[in-house]
1. Using a Förster distance of 22 Å, how high is the FRET efficiency between residue 84 and residue 64, based on the Cβ-Cβ distance and rounded to 0.05?
2. Calculate the spin-label point distance for residue 55 paired with residue 93, positioning each point 7 Å from the Cα along the beta-carbon direction, and give it in nanometres.
3. With the full set of protein chains in place, find how many percent of the accessible area of the stretch 16-114 is carbon and sulfur; take the probe as 1.4 Å.
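The values are calculated or read from the model by the stated rules, or taken from the named source; none is laboratory data. It should be emphasised that the depicted structure is a prediction, and the values quoted were computed from it without experimental measurement. Cβ atoms come from the backbone with ideal geometry, glycine included; neighbour counts cover every protein chain shown. Remember, those area values only see protein heavy atoms, side chains included, never the ligands or the DNA or RNA. Shrake-Rupley method; radii C 1.70, N 1.55, O 1.52, S 1.80 Å.
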Amino acid sequence: MLCSFLLRLLIVIMAHPIWYRLVHPDHRQLPNTDDDVFEDSTVTLVADLKTAVWNKNEGLLKPLQVDASDLKVYKNQASLAANEPLRVSASVVGLGQSDEDPVVIVVPLPSSKE
């Protein structure tokens, strides 16, 4: 019983909020979207975040024929401006800690997909 409680407590402690913003390739925020947040201890890598964002926004992204692998993740607006995407193996722990400095996720338009 105590082990179960401690495990749940550890998961809650490890959960870290990650604020993110969905944008077009031209850096405009996607219509009908607001900055959003995840509080999930399983989202620790860029690959995890891409999947979680796709799952949370499936209704928006699926009609655009966008897969999780199509999303490009940037540390923040400054790294987007510098065209410095994060690698899928990069950690997202500590990123997007507030809605003032969210992780930026570029959603390709169907015509801009490679």
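1. Values: r = 24 Å, r/R0 = 1.10.
Efficiency, rounded to the nearest 0.05: 0.35.
2. In this crude spin-label approximation the distance works out to 1.9 nm.
3. Numbers: 2660 of 5540 Å².
Here carbon and sulfur together make up 48 percent of the probe-accessible area.
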